[in-house]
Amino acid sequence: MSPNAYALISLTGLLAALAGVVTFAMLRFAVAARDTHRNFRGGGSDTALLSAALQEALTKLKAQERATAARAEASERLSGEIISSLTAGLLVVGLNGEIRILNPAGRRTLDLADALSPGDYERSLRVRPLLVIINECLETGTAIVRRPVTLPGLARGTTYLGVTVSPLFDEQTSLLGAICLFTDLTAVKDLEEQLRLKESLAAVGELTAGIAHEFRNGLATIHGYSKLFDLQALPASYRPYVEGIRAEAESLGQVVTNFLNFARPAQLTLSRVELGGICERAADEIRADARALGGEVEVRGEFGAVEGDDVLLRQAFSNLLRNAIEACAGASVVPAVVIRSEIDLVQKLSRIAVNDNGPGIDVASRERIFRPFFTSKRSGTGLGLALVQKIIVFHNGRVSVATSPQGGASLQITLPLAG
């Protein structure tokens, strides 16, 4: 063989070996790629399983979070409903005296509008007496139980409260603030006053009715004997004396009769009566007198119904109107008398005011004007307003004195509404 043949055989062998090596490498690469793909597919299943488990756990956590938030919201809503439903006032104050909670009943009792901020509460004159007691509790760290408090009168007049203040502690017994519960005792005070007045009126009637009756008999005798004189048969100089005896006996007899009517035990004939109709009839009775002086009597507002005696209630309002007209006339003022009424549905009360533009009633006299025989008029008997108070008290109401919008007197009557 020639050298070229050997060279060709050697080259062919070399190519065959190289082809084998390449083929083996390719086979190894294919096997490795297959194993890698198989391993990759198995690892993907594990990753998907782990991802699904994490997703499920996350879903459960979110569900638990929503349930916890719902329970917290329900608990907060229940607490708010409890606070709002309390009939007593609730005031929660922080350690520095800042107001945190004041429930609706408390705002009503303190005459505070719902739109006011806690800062406005603290500036209210009716809140300050409560804050004084709360500060005392915060300083001493001890509870204050059932302390009576009087709030200054604004729109509703003087309010009487029963107040209990307790310190507020956390789990570590650190002082956080104070909780104040307060109850409006004004109605209880009014009932006590009504009972006291009824007992006083009964005692006065029992003690004086007999004396007044005997006094009236004596006056009747004097008046009767004075009638026996024939004025024409008397000297002209004596006639004025006899006429004076007759006039004074008649006047004193009327005073005694009025007092006996006042002292007589009240016998009420109760029925459902409309206060609007009573006030209109009372105004009609006195309107002619007011117009004779150039004035007028008006009836305004919303009236309710009460369980009462129609005749006695009309007599009470007639006395008030007549007293207003006489006060204006005595001050040479053209009378402008207004009966104004409103209904308090919260407390189930009818509030009626008889306002005039007369001289008014000074503060020193307001506590005495309802006493028998107290009068500032020359010809007055002093029993008109005393009888008004008796009638109103026996209807479980109350009567008070204030200043009217016209600058005169305002006689304010409160009566419980019929059920």
message: Here is a list: Ala209, Ala266. Which entry is part of a loop (DSSP other than H, G, I, E, B) and at pLDDT below 80?
response: Ala266
query: Restricting to region 294-311, what's the tally of residues that are over 20 Å from Ser410 (Cβ atoms) and open to solvent by 70 Å² or more (accessible area, probe 1.4 Å)?
result: 2
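Within region 373-386, restricting attention to residues that are at pLDDT below 80 and of a type outside the set (Ser, Thr, Tyr), which residue is surrounded by the fewest Cβ atoms within 10 Å (Cβ to Cβ)? Steps first, please.
Initial filter on region 373-386 (at pLDDT below 80): 373-384.
Restricting the remaining residues to those that are of a type outside the set (Ser, Thr, Tyr) gives 373-374, 377-378, 380, 382-384.
Values: Phe373: 12, Phe374: 15, Lys377: 13, Arg378: 6, Gly380: 15, Gly382: 19, Leu383: 21, Gly384: 23.
Restricting to residues being at pLDDT below 80 and of a type outside the set (Ser, Thr, Tyr), the top hit is Arg378.
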- prompt: Among the residues of region 41-57, is there at least one that is open to solvent by less than 90 Å² (accessible area, probe 1.4 Å), in a helix (DSSP H, G or I) and modelled with pLDDT of 85 or more?
  reply: no
query: Hey, any hits in region 127-139 for a residue that's surrounded by 16 or more Cβ atoms within 10 Å (Cβ to Cβ) and farther than 23 Å from Leu185 by Cβ?
result: yes
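Which one is farthest from Val393 (Cα to Cα) among residues in region 358-372 that are of a type in the set (A, V, I, L, M) and surrounded by 11 or more Cβ atoms within 10 Å (Cβ to Cβ)? Full working, then the answer.
Keep residues of region 358-372 that are of a type in the set (A, V, I, L, M), which gives 361, 363-364, 369.
Keeping just the survivors that are surrounded by 11 or more Cβ atoms within 10 Å (Cβ to Cβ) gives 361, 369.
Values: Ile361: 21, Ile369: 15 Å.
Checking each candidate, the answer is Ile361.
Going by what's in this entry, would Lys348 be described as in contact with a Leu (Cβ under 7 Å, 6 or more places away or on another chain), on the phi > 0 side of the Ramachandran plot and of a type outside the set (Asp, Glu)?
Details: in contact with a Leu (Cβ under 7 Å, 6 or more places away or on another chain): yes; on the phi > 0 side of the Ramachandran plot: yes; of a type outside the set (Asp, Glu): yes.
Against the criterion (in contact with a Leu (Cβ under 7 Å, 6 or more places away or on another chain), on the phi > 0 side of the Ramachandran plot and of a type outside the set (Asp, Glu)), Lys348 qualifies.
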field: Every residue from region 296-311 that is touching a helix residue (DSSP H, G or I) at 6+ places or on another chain (Cβ under 7 Å) and outside any strand (DSSP E or B)
entry: Phe303, Gly304, Asp310
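Listed here are the residues, each with its yes/no results for (1) in a helix (DSSP H, G or I); (2) open to solvent by less than 50 Å² (accessible area, probe 1.4 Å).
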| residue | (1), (2) |
| --- | --- |
| Leu313 | yes, yes |
| Phe317 | yes, yes |
| Leu320 | yes, yes |
| Glu326 | yes, no |
| Val334 | no, no |
| Val337 | no, yes |
| Arg340 | no, no |
| Gln347 | no, no |
- prompt: Considering only region 380-405, how many residues are under 26 Å from the mean Cα position of the chain (by Cα) and either hydroxyl-bearing (Ser, Thr, Tyr) or assigned to a loop (DSSP other than H, G, I, E, B) (or both)?
  reply: 8
query: What do you reckon, is Ala283 among the aliphatic types (A, V, I, L, M) and under 25 Å from Lys390 (Cβ atoms)?
result: yes
task: Examine region 141-149 for a residue that is more than 28 Å from Arg351 (Cβ to Cβ), at pLDDT 80 or above, crowded, with 16+ Cβ neighbours inside 10 Å and in contact with a Pro (Cβ under 7 Å, 6 or more places away or on another chain), and state whether such a residue exists.
output: no
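Only one of Gly304, Gly244, Gly218 is within 27 Å of Asp356 (Cα to Cα) and among the small types (Gly, Ala, Ser). Can you tell me which?
On the way: Gly244 fails: within 27 Å of Asp356 (Cα to Cα); Gly218 fails: within 27 Å of Asp356 (Cα to Cα).
That would be Gly304, the only listed residue that is within 27 Å of Asp356 (Cα to Cα) and among the small types (Gly, Ala, Ser).
The values are calculated or read from the model by the stated rules, or taken from the named source; none is laboratory data. Since this is a predicted model, take the numbers as computed values, not measurements. When we count neighbours, we look across all protein chains shown, and the Cβ atoms used for this are built from the backbone with ideal geometry, even at glycine. Side chains included, ligands, DNA and RNA excluded: accessible areas come from the protein's heavy atoms. Shrake-Rupley method; radii C 1.70, N 1.55, O 1.52, S 1.80 Å.
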